[in-house]
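This report concerns only the one structure given below.
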Amino acid sequence: MLQTPAILFCDIDGLLPLRGKMAPGFDDFIASLEHAAIPNVWVTTRTRLLIDDPRRKLGHSHPFIAEGGCGVYLPEGYFHLRPPKTVRLGRFTCLPIAEPQPAATEALEELAAETGISIVPLRSLSPRELAQNSGLPQQQAELMRHPDFNEVFFLAGATDDETRRFLAAGAERHYQLRQQGVLWSLAVGASLKQCVREVSKLYTRALRSQPKIVGIAKQDATSGLLSICDRGFVLVERDRPADSGDVTSERLPTRFREMDLDSEDVWEEVMAAISSKG
């Protein structure tokens, strides 16, 4: 593995959405990273199966963190030395941070029974219902049925008070309950911070040096990635409504730079900053 000034962790959910267009210039930015031999670790709430197609189309061959910090997925032979605790999932060696299924399924069933709140697991929906509720084409929607760690579900007719009680009960058990539009997901032991730490240690060992950890995400990202990186970039869409209520960049330390996603030069500027030794 070649020496590199940085390891880039990229929250792709806002830049490469399941529905809609990819952020302009993002594909060229990825190609520039490859040319400069800068590792680009994707971070996503999606499953291993849902990330497969965009990885293939954009030629992404580096590790990725999936299901919102549940596990780190390593392409075959990417690191010379394999980490001690791994599982094989599809074509990947995975460092499991959360407990693999069926742990989340069992936890959700117990939580629903204890609170008396009805839940509808995504896997129980018909193909038509799944496509309608996810807003995805049926083929993509079907891939949502097979997470490695998360259990995705609806809260069936729950009131606001019931929802708060359900979330409080989950928090008492240290479950990770995350809202994804009209859907919710439950994981047992997920930690994006731990995922970033583990893959960073692998790069440090492989490179025999400690490159800077850089994060990049859109302003409305909810993963919390930037707060656990050494430095990073907040990508802002200037045409967002002024009352959007998003103050992500205001909460970040000064080591993070706000960049105009609508600028023609944004990716060149980000690339230059990542490549610098400062």
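The values are calculated or read from the model by the stated rules, or taken from the named source; none is laboratory data. The model shown is predicted, which means the values in this text are computed figures rather than measured ones. Backbone-built Cβ (ideal geometry, glycine too); neighbour counts: all protein chains shown.
For residue 93, state whether it is out of contact with any helix residue (DSSP H, G or I) (no Cβ under 6 Å at 6 or more places or on another chain), surrounded by 19 or more Cβ atoms within 10 Å (Cβ to Cβ), farther than 17 Å from residue 196 by Cβ and free of Cβ contacts under 8 Å to residues at least 40 places away in the same chain. Yes: the conditions hold for residue 93.
Filtering 169, 158, 104 for residues that are free of Cβ contacts under 8 Å to residues at least 60 places away in the same chain, touching an Asp or Glu at 6+ places or on another chain (Cβ under 7 Å) and of a type in the set (Gly, Ala, Ser) leaves a single hit, 169. Taken over segment 13-51, the criterion of being closer than 26 Å to residue 139 by Cα, touching a residue at least 24 places away in the same chain (Cβ under 8 Å), surrounded by fewer than 20 Cβ atoms within 10 Å (Cβ to Cβ) and charged (D, E, K, R) is satisfied by 19, 27. If you take the residues in segment 150-179 that are more than 18 Å from residue 101 (Cβ to Cβ) and among the β-branched types (Val, Ile, Thr), which one is surrounded by the most Cβ atoms within 10 Å (Cβ to Cβ)? Here the answer is 163.
Condition check: at pLDDT below 95, small (Gly, Ala, Ser) and more than 18 Å from the chain's Cα centre (by Cα). Does residue 223 satisfy that? Criteria not met by residue 223. With respect to the conditions (1) in a helix (DSSP H, G or I); (2) out of contact with any Leu (no Cβ under 9 Å at 6 or more places or on another chain), residue 99 falls short on a single one, namely (1).
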